[in-house]
Amino acid sequence: MPRVDFSLYLVTDRHQTHGRPLIPLLEQALTAGVQAIQLRERDLDTRPLLALAEELLPSIRRHRAQLFINDRIDLALALGTGVHLRSNSVPVNVARRMLGNECLLGVSAHSMDEAARAELEGADFIVLGPMYDTASKSKYGPPIGLRALEEASRRCRIPIFGIGGITASRAAEVCRAGAHGVAVISSILSAPSIEEATRELVTVLSGAGDKKRLS
């Protein structure tokens, strides 16, 4: 089974790049230290989504990073990537049977109970949120906050990533609340400098990880 050996999880949205082409931005993020990308272009049909993933894969492999296809088990199996499930998608235990044990499986959760259930059913990691108020996650309800993250981290043994309104200044407190790392969209993809924004997050998360190991 591959390991969840990344702390910065970049979720894509080509509509948040200020008109810049997505793939070059992702390549810059990989160069600056991103080790995991979730391809989440939910409005794309199968063929253009597949083409986008195939365009990105050489950079993923060159940087020894990991790629996760959002909610498309078929494409993940075809490409040999990980998969990330929505909270209301195919049941996690069904997806695990389809994927086997050699594919990393991430799951979105919006409550402590959803996180615990995802772990029980076979998820490898959880993306929990929204932590803070953010337009991209407003349809999932109000922010659940750090207390929910602390409780979920106590209940779950698998890694949890906080998402929703995460900035470099907030990443450290999310990790102090028990998160393994953070998942971001606009903090990187909307930044004027992709590499600078990525390096700032990588530095913060590296420091948070060092403090956890020393504690």
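The values are calculated or read from the model by the stated rules, or taken from the named source; none is laboratory data. Nothing here was measured: the structure is a model prediction, and the numbers come from that model. Here the Cβ positions follow ideal geometry from the backbone for every residue, glycine too, while neighbour counts run over all protein chains shown. Remember, those area values only see protein heavy atoms, side chains included, never the ligands or the DNA or RNA. Shrake-Rupley method; radii C 1.70, N 1.55, O 1.52, S 1.80 Å.
Relative contact order of the range 124-198: what whole-number percent is it, with Cα pairs under 8 angstrom and at least 6 residues apart?
Details: 116 pairs, mean separation 22.9, N = 75.
Relative contact order, the range 124-198: 31 percent.
Of all accessible surface on the range 85-126 at a 1.4 Å probe, what whole percent is carbon and sulfur?
On the way: 960 of 1920 Å².
Carbon-and-sulfur percentage of accessible area, whole number: 50.
Mind checking the full-extension length gain between Arg64 and Glu150? Use 0.36 nm per residue of separation minus the Cα-Cα distance, one decimal, nm.
Values: separation 86, 0.36 × 86 = 30.96 nm, distance 3.08 nm.
My answer for the length gained is 27.9 nm.
Carbon and sulfur: what percent of the range 14-75's accessible surface (1.4 Å probe)?
On the way: 1480 of 3050 Å².
Summing carbon and sulfur atoms, their accessible area is 49 percent of the total for the range 14-75.
Is the chain best put as rounded, prolate or oblate by its Cα gyration tensor, with a ≥ b ≥ c the root eigenvalues, rounded for a/c under 1.5, and otherwise prolate when a/b is larger than b/c, oblate when not? Don't skip to the end; give the middle numbers.
Numbers: a/c = 1.40, a/b = 1.07, b/c = 1.31.
Taking the square roots of the gyration eigenvalues as a ≥ b ≥ c, the chain is rounded.
Which residues does a label at Asp113 reach in the range 143-166, if reach means a backbone N under 15 Å from a point 7 Å past the Cα toward the Cβ?
Those under the cut-off are 152.
Starting from the 7 Å offset along Cα-to-Cβ, what nm value, one decimal, do you get for the label separation of Arg47 and Asn88?
If labels sit at Arg47 and Asn88, their model points lie 3.0 nm apart.
For Ser190 paired with Ser206, estimate the spin-label separation in nm (one decimal), with each label point 7 Å from Cα along the Cα-to-Cβ line.
2.7 nm
Over the range 1-77, give the accessible area per residue in Å² for a 1.4 Å probe, as an integer. Can you show the working numbers first?
Working: 3670 Å² over 77 residues.
Here the residues of the range 1-77 average 48 Å² of exposed surface.
For the chain, build the charge dipole from Cβ charges (+1 Lys, Arg; -1 Asp, Glu) around the Cα centre, then report which of Gly82, Ala197, Ser153 sits farthest towards its positive end.
It is Ser153.
Add -39500 (n - 2.57) for each DSSP H run of 4 or more in the chain, then divide by its residues: what number comes out at 222 nm, to the nearest 500 deg cm²/dmol?
Numbers: 9 runs with 98 residues, N = 215.
The per-residue figure over the chain is -14000 deg cm²/dmol.
If contacts are Cα pairs under 8 angstrom and at least 6 residues apart, what is the relative contact order of the range 1-80 in percent? Numbers along the way, then the final one.
Numbers: 74 pairs, mean separation 26.0, N = 80.
So the answer I get is 32 percent.
Can you give the FRET efficiency to the nearest 0.05 for Thr31 and Arg157, using r as the Cβ-Cβ distance and R₀ = 45 Å? Mind showing how you got there, number by number?
Numbers: r = 33 Å, r/R0 = 0.73.
The formula returns an efficiency of 0.85 here.
Would you list His180, His84 from the most to the least accessible area, probe 1.4 Å? Don't skip to the answer; put the middle values down first.
On the way: His180 70, His84 0 Å².
So the residues, ranked largest to smallest area, are His180, His84.
Quick one: accessible area per residue over the range 149-207, 1.4 Å probe, rounded to a whole number of Å²?
On the way: 2470 Å² over 59 residues.
Here the residues of the range 149-207 average 42 Å² of exposed surface.
Could the peptides 115-125, 143-153 be put in order, highest first, of the mean number of other beta-carbon atoms found within 10 Å of their residues?
On the way: 115-125: 20.6, 143-153: 18.4.
Result, highest mean Cβ count within 10 Å first: 115-125, 143-153.
Taking square-rooted eigenvalues a ≥ b ≥ c of the alpha carbon gyration tensor, is the range 126-206 rounded, prolate or oblate, where a/c under 1.5 means rounded and, failing that, a/b exceeding b/c means prolate? Walk me through the intermediate numbers first.
Working: a/c = 2.34, a/b = 1.33, b/c = 1.76.
Since a/c reaches 1.5 but b/c is at least a/b, the shape of the range 126-206 is classed as oblate.
Can you give me the relative contact order of the chain as a percent, contacts being Cα pairs under 8 Å and 6 or more apart?
Numbers: 393 pairs, mean separation 47.0, N = 215.
Once normalised by length, the contact order is 22 percent.
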